Amino acid sequence: MKEKVNQIPAAVVIPDKVPVTMRRQLSAAICNRIVGMRQAGAKQNAIATALGITQGAVSKILKRHRQTGVPTPRPRSGRPRKTTVREDHYLHRLSRTGRTKTST
C-alpha cells in the first residue's frame with residue numbers, strides 16, 4: 001500500500017522573492033541596497049532581477065535618491081485625529097450600553 005507523504009503543493013510554496021505588487025512599500029534596507037548596487041555600477045535591470053522587483057520600482061527609488069538624497073520615502077502625515085483615545089473609549093462604551101434605547 002502506497003503511503004501519502006505530506007507535501008506542500010507547488011502553488012502554496014512561498015517564493016524567495018515577493019513581487020512588489022504584494023508589498024505596501026519597500027523597506028529602507030532594500031532601498032539602500034538598490035542605491036549601493038547602482039553606485040557599484042550595476043544596471044537597473046540587473047538590480048531588479050537580483051532583488052526580484054520591477055525595473056520601474058528601481059528607477060523610482062534611484063530618482064528619489066537623486067532628488068532628495070535619501071532613497072526612502074518621506075513619512076506621510078495622514079488625517080489628524082478629531083477625538084482623543086479617551087473619547088474613543090467613552091464612545092465605544094456608550095454605544096455598547098443601552099442598545100435598545102433611542103437617541104432621544
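The values are calculated or read from the model by the stated rules, or taken from the named source; none is laboratory data. Here the structure is a predicted model, which is why all the values come from computation and not from measurement. Cβ sites come from the backbone with ideal geometry, for glycine too, and all protein chains shown count toward neighbours.
Just a few scattered comments:
- Residues in segment 52-104 that are assigned to a helix (DSSP H, G or I) and of a type in the set (A, V, I, L, M) were compared, and the one that is surrounded by the most Cβ atoms within 10 Å (Cβ to Cβ) is Val58.
- Sole exception among (1) β-branched (Val, Ile, Thr); (2) exposed (fewer than 10 other Cβ atoms within 10 Å of the Cβ); (3) at pLDDT 90 or above for Thr49, by number: (2)
- Residues of segment 55-84 that are touching a residue at least 12 places away in the same chain (Cβ under 8 Å) and under 14 Å from Gln25 (Cβ atoms): Ala57, Ile61, Pro71, Thr72, Pro73.
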